Amino acid sequence: MSTSEQPQSNESASNEPVHTKQELKAAMKAFRKRLKLTCLDDQSHIGVGPMSSGRASSIVGITPPDQYPASVWEELVRRGRLKYAGNGQYELGEP
């Protein structure tokens, strides 16, 4: 068998990258951490009285961390863990 006739892997056959469970779990952890930090940053703006209890963040969607390819985020959307909110933004899916 020549090099051009070698069997192809599952990744090439379905034209979809295969992501490991650990990679998807790490991506979700990174997404949740970025979402949490973004919300905390939004809540901490100056302008809220120092004696008040603050205000709730209105942020529900963010641009996902760029350490992972877009196919990871698309797979998490397909699995229902995230929802695509448009313009490259994602939000947490239904629990």
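Throughout, read-outs are computed from the coordinates displayed, never taken from laboratory work. What you see is a predicted model, and the numbers here were worked out from it, not measured in a lab. Note that we place each Cβ from the backbone using ideal geometry, even for glycine, and neighbour counts take in every protein chain shown.
For residue 82, nonlocal amide neighbours, meaning residues 5 or more places apart or on other chains whose placed amide H falls under 5 Å from its own, are 77, 93.
Cross-link partners of residue 21 among lysines, defined as those whose alpha carbon lies under 18 angstrom from its own and excluding same-chain residues fewer than eight positions apart: 29. On the beta carbon distance between residue 70 and residue 37, with R0 = 25 Å, the FRET formula returns roughly 0.70.
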